[in-house]
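Novice: One structure, as structure tokens, below. Some questions next.
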Amino acid sequence: MKRSPFEYSNDNKRYHTLNYHNLIKYGQKIHKAVLDCGFTCPNIDGTKGRGGCIFCDGGSGYFTHGELDVMSQLKSEEKRIFSKYGDSARFIAYFQANTNTYAPVSKLREIYCSVLNDPSVCGISVGTRADCLPDDVIGLLSDISRKTDLTVELGMQSCHEKTIDIINRCYTHDEFLKGFRKLKSNGIRTCIHVINGLPGEDAEMMIKTAAELAKLSPDAVKLQMLHVIKGTTLADMFQKRDIRLLERDEYIDIIVKQLELLPPQTVIERITGDGDKSKLLAPSWSADKISVLGGIDKRLAELDTWQGKNYKKQV
């Protein structure tokens, strides 16, 4: 296998993969135990809006078992991981479904701290919204980050206000930036989510989002295509032919250009997507994850480019 010219790689990858990051940090592959705490979202309960973002399918809690309490879910996930990778496997407790800072601090502390008693848990990842980070929650997250490896995941999705209105996110880009900076100023590792192919966006707009993202120099990023999932508002728009989805090669070309702009030290925690195949309406090509990943690798090699090649560090 030909080695990559990219400095944060030990194989042929030309971007900073999560596998590489974990190997350097932990010396082994790290898995994720997905958890559903039963929280809701201010964009679902009426505080900010109803129905959630147009692509939201019940809080994005794919593969979770929300009918169980958190510790039972953790043990179930541990069993799944151990059966596949052995008892020496370690994992991140990933609070995935809905908005996982949208509760009283006392409740959050109880849930976050409970999972740390499991010796196989090496860290916590918390998915939330940038407008759900009040000062007392920031204080709790700061405390947790001193006890374990903590990542907070925020949905930026796009930097364009018109797009933000279309997807019904119910908080502005400025509000996103405020939440991100609160985490950054408290030394909390942050992973930002971006979705390519949102309604009304062309390639130039998606690349602009990556350029704005690069200015923030985030610890990690998740990049993915727009999935159309049954039962969502987006599914209605798709069936009415109100939206156009990206083709596979378009997506790959956009990803390559985005990677070129991002800081090389930023970890790419996702570069495609994992929609629930039983509910996925489109794009059908996204279900072949290996093909998409291979296509990105091939395109990077053909162009002899890599993550950060066109990155301009902010002064």
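Novice: Mind checking which pairs have a first residue in region 72-84 that is under 12 Å from Asp118 (Cβ atoms) and a second that is part of a helix (DSSP H, G or I) and of a type in the set (A, V, I, L, M), Cβ under 7 Å, 6 or more apart or different chains?
Specialist: From region 72-84, the pairs are Leu74/Val115.
Novice: Okay, next question. Please tell me if Asp276 is in a loop (DSSP other than H, G, I, E, B) and either touching a His at 6+ places or on another chain (Cβ under 7 Å) or not hydrophobic (A, V, I, L, M, F, W, C) (or both).
Specialist: For Asp276, the condition - in a loop (DSSP other than H, G, I, E, B) and either touching a His at 6+ places or on another chain (Cβ under 7 Å) or not hydrophobic (A, V, I, L, M, F, W, C) (or both) - is met.
Novice: Search region 256-268 for residues that are buried (at least 20 other Cβ atoms within 10 Å of the Cβ) and pair each with any residue that is outside any helix (DSSP H, G or I) and of a type in the set (Lys, Arg) when their beta-carbon atoms are under 6 Å apart and the residues are at least 6 apart or on different chains.
Specialist: Pairs that qualify, where the first residue is buried (at least 20 other Cβ atoms within 10 Å of the Cβ) and the partner is outside any helix (DSSP H, G or I) and of a type in the set (Lys, Arg), are Glu260/Lys309.
Novice: Shifting gears a bit: Say whether the condition of being more than 21 Å from Gln73 (Cα to Cα), assigned to a helix (DSSP H, G or I) and either aliphatic (A, V, I, L, M) or touching a Pro at 6+ places or on another chain (Cβ under 6 Å) (or both) is met by at least one residue in region 144-162.
Specialist: No; the residues of region 144-162 include none that is more than 21 Å from Gln73 (Cα to Cα), assigned to a helix (DSSP H, G or I) and either aliphatic (A, V, I, L, M) or touching a Pro at 6+ places or on another chain (Cβ under 6 Å) (or both).
Novice: Can you pull out the residues in region 274-288 that are over 16 Å from the mean Cα position of the chain (by Cα) and farther than 17 Å from Gly197 by Cα?
Specialist: Lys277, Ser278, Lys279, Asp288, listed by residue number.
Novice: Moving to a separate point now. Would you be able to say whether some residue in region 145-158 is more than 20 Å from Ile207 (Cβ to Cβ) and small (Gly, Ala, Ser)?
Specialist: yes
Novice: When only residues in region 32-53 that are crowded, with 20+ Cβ neighbours inside 10 Å and over 21 Å from Lys107 (Cβ atoms) count, which is modelled with the highest pLDDT?
Specialist: This residue is Cys53.
Novice: Starting from residues that are assigned to a helix (DSSP H, G or I) and more than 27 Å from Asn19 (Cβ to Cβ), keep the ones in region 213-240 and report whichever is nearest to the chain's Cα centre (by Cα).
Specialist: By that ranking, first place goes to Leu234.
The values are calculated or read from the model by the stated rules, or taken from the named source; none is laboratory data. Everything numeric in this text was worked out from a predicted model, so none of it was measured. We place every Cβ from the backbone using ideal geometry, glycine too, and count neighbours over all the protein chains shown.
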